[in-house]
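Engineer: Structure below; questions to follow.
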């Protein structure tokens, strides 16, 4: 299997009109977008909407509208994808609120959804950061943030779940415990083990 192109090379080829390069570039962001979508869907829409469906719609829209993107860096590209993701999430929320005969304008706005998505994206750095410099480094490097997500989705499912509930949904440990059917003490220990494993994976792939 061919090694995936680095961002700069893939982006340059995509700008030249190579659809395969654009498809490959977008594919490297699938896990990143899925984690962000899942962090919003679980507490807004429950099981009624699939994160994978939202992400697929986002990928298709990004492929279609790539010519409108004016940025150059991985950070700008990530931010652009988050805007598209936020719009798709908002439309899904809007559809389901209307189905429940609720006034979406009184409960949520596109700006609120976008802000929540950006907050989750920024929170990725805080998963591992023991100091501000580490957090800043991860946030400022779009490819590094994406790599962190790729490592996150490699974790066992219960590790992923406890991190999502605690770090992305900001639930208290007793609330996470209730969701997972564990005691609060067991949940806290599970969370610490999950972060430790993620740190080990991250450090193993990070140049000294």
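Engineer: How many nm is it between the label spots at residue 196 and residue 178, if each spot is 7 Å from the Cα in line with the beta carbon?
Structural biologist: So the two model labels end up 2.9 nm from each other.
Engineer: Can you tell me how much longer the chain between residue 18 and residue 119 gets when fully stretched, taken as 0.36 nm per residue apart minus their C-alpha distance, in nm with one decimal?
Structural biologist: Length gained, residue 18 through residue 119: 33.1 nm.
Engineer: Please work out how much length the chain gains when fully extended from residue 27 to residue 157, using 0.36 nm per residue of separation minus the C-alpha to C-alpha distance, in nm with one decimal.
Structural biologist: 44.6 nm
Since every read-out is calculated from the coordinates, none of them should be taken as a lab result. Nothing here was measured: the structure is a model prediction, and the numbers come from that model. A quick note on method: Cβ atoms are made from the backbone with ideal geometry, for glycine too, and the neighbour counts reach across all protein chains shown.
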